[in-house]
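Comments concern the structure below.
The values are calculated or read from the model by the stated rules, or taken from the named source; none is laboratory data. A quick note: this is a predicted structure, and the numbers were derived from the prediction, not measured.
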Amino acid sequence: MIYELKSFDVWSVARTVFIISLIIHLLLGLTGSALILLGVNALNSVWDESDVYYEEYSPEDSKMPILVIFIFVISIGLSIGYMILSAVVMIIYNKLSGLFGGIEVEINELSQLKKTKLLPKVSKDADVEENLS
């Protein structure tokens, strides 16, 4: 069966892109910033030749809350940007597919692809007789 994708719902695509990009940006941002802060603090403790690594990483002296807020703001901003971009792309696609036609997709049913053949059950006596002959 051949189907044609004529249009996409702009709001559902934009909403899905926003949620997926927000999750990806938050995970990458929080993980990356934790690794960078850990590396910078480790480098500072080596550079100073002291064992104040754990003291420098205390929550009172750390810039972690500001960094987390910055990551959330940047993640939401980028996700909104991707949402707007995906909405614009979907509007353009919907207009162009109205003029020139959409993307054709061929879909086969699984039952038509895999037809099992039933073989008759051969009795053991027939196998023995064939081996003797």
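Just for helices (runs of 4 or more DSSP H) wholly inside segment 26-132: which have at least 2 residues that are modelled with pLDDT under 80 and within 30 Å of GLU4 (Cα to Cα)?
Working: elements: 53-56, 64-100, 110-113, 124-132.
Output list reads 110-113.
For segment 64-88, which residues satisfy the criterion of being farther than 15 Å from LEU26 by Cα and of a type in the set (A, V, I, L, M)?
Passing the criteria: MET83, ILE84, LEU85, ALA87, VAL88.
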